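Notes follow once the structure below has been shown.
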Amino acid sequence: MPVAILAGGLATRLRPLTEKIPKLLVEVAGEPFFSHQIRLLKKAGLTHLILCVGHLGEKVVEVYGDGSKFGVQIDYSFDGEKLLGTGGALIRAQPMLGDAFYVLYGDSYLPVDYRAAGDFFLKSNRLGLMTVYENHGHYDTSNVWFEAGEIKIYDKKRKVPQMHHIDYGLGIFRAAAFDGFPRDAVVDLADVQESLVGKKQLVGYEIKDRFYEIGSPTGLAELDALLTKQKD
């Protein structure tokens, strides 16, 4: 399955770092963050990447091109004149993605077994998979009620006491998961996922190791320290 990487946002929390470059090109441990993501995905044997880009996306093309120098195939899907949101960007990219595909964010560093998650998804016969982490509000606000292998509720706005998990940041979907949502319009991926929960079509896959991100200055500093230490 190919991997869609959502990297079209404005990255306002990282300004002034991201005033002239997108998040994917922010330096982490001496190289652009995207190089670290590529390395993780290549290790898992995932080498076809579709970048859903918008703001400053052309700068990523200048550095990474078709990906051949990095041992991967990179295709690009641009939002166009207006940002389409996380779900809208995936809908626009569907002709490149095919029937089933991984999804992760352009600021997430997820050292997990991608193939195991993919196999679990294919055996589930569901339209979507959400990786979840037992967070208890530690790294960010918990937003998932996950129990007995099932996602009971996923909601970023409405909280219930049973929400001890958080969306880990790696999803897997079939194209049919987006049926009924408009094309070339702003769509939030969270709305797609909530719709799948209501249809009992979103399976949960629990991850035991924590996630990392560069979407905030704190997260960026933390990952920079971790990867610099590993490099040394």
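For the chain, a crude dipole built from +1 on the beta carbon of Lys and Arg and -1 on the beta carbon of Asp and Glu, taken about the Cα centre, is about 220 debye to the nearest 20. If you sort the three axes of the alpha carbon gyration tensor as a ≥ b ≥ c, you get a/c of 1.5 or more for the stretch 1-42 and a/b no higher than b/c, which makes it oblate.
Is the stretch 63-130 best put as rounded, prolate or oblate by its Cα gyration tensor, with a ≥ b ≥ c the root eigenvalues, rounded for a/c under 1.5, and otherwise prolate when a/b is larger than b/c, oblate when not? Note, shape of the stretch 63-130 comes out oblate. Against the criterion of solvent-accessible heavy-atom surface with a 1.4 angstrom probe, Lys231, Lys208 sort, most first, into Lys208, Lys231.
With every protein chain in place and a 1.4 angstrom probe, the accessible-area ranking of Thr228, Thr131, largest first, reads Thr228, Thr131.
In the stretch 1-96, taking the dipole from charged Cβ atoms about the Cα centre, the farthest positive-side position among Gly85, Ala44, Leu24 is held by Ala44.
The sum of -39500 (n - 2.57) across all DSSP H runs of n ≥ 4, divided by the residue count of the chain, sets its helix-only mean residue ellipticity at 222 nm to -9000 deg cm²/dmol.
Round to the nearest 10 and report in Å² the accessible area of Thr47, as given by a 1.4 Å probe over the protein chains' heavy atoms. Solvent-accessible area, nearest 10 Å²: 60 Å². Under 16 Å of direct C-alpha separation, and excluding same-chain neighbours fewer than eight residues apart, Lys231 reaches these aspartates and glutamates: Glu27, Glu31, Glu222.
Could you list, in their original order, any pairs among Lys42/Lys229; Lys123/Lys159; Lys23/Lys152 whose Cα atoms are separated by more than 28 Å? Flagged as over cut-off: Lys123/Lys159; Lys23/Lys152.
Can you sort Arg158, Arg174 by 1.4 Å-probe accessible area, starting with the largest? Provide the component values of the computation, followed by the final result.
Working: Arg158 125, Arg174 65 Å².
Solvent-accessible surface, decreasing: Arg158, Arg174.
If you plug the beta carbon distance of Asp155 and Arg183 into 1/(1 + (r/R0)^6) with R0 = 35 Å, you get a FRET efficiency near 0.90.
The distance separating the Cα centre of the stretch 1-30 from that of the stretch 45-89 comes to 11 Å.
The values are calculated or read from the model by the stated rules, or taken from the named source; none is laboratory data. Not measured: the values here are computed from a predicted model. Virtual Cβ from ideal backbone geometry, glycine too; neighbours counted across all protein chains shown. These area figures cover heavy atoms from the full protein model, side chains too; ligands, DNA and RNA do not enter into them. Shrake-Rupley method; radii C 1.70, N 1.55, O 1.52, S 1.80 Å.
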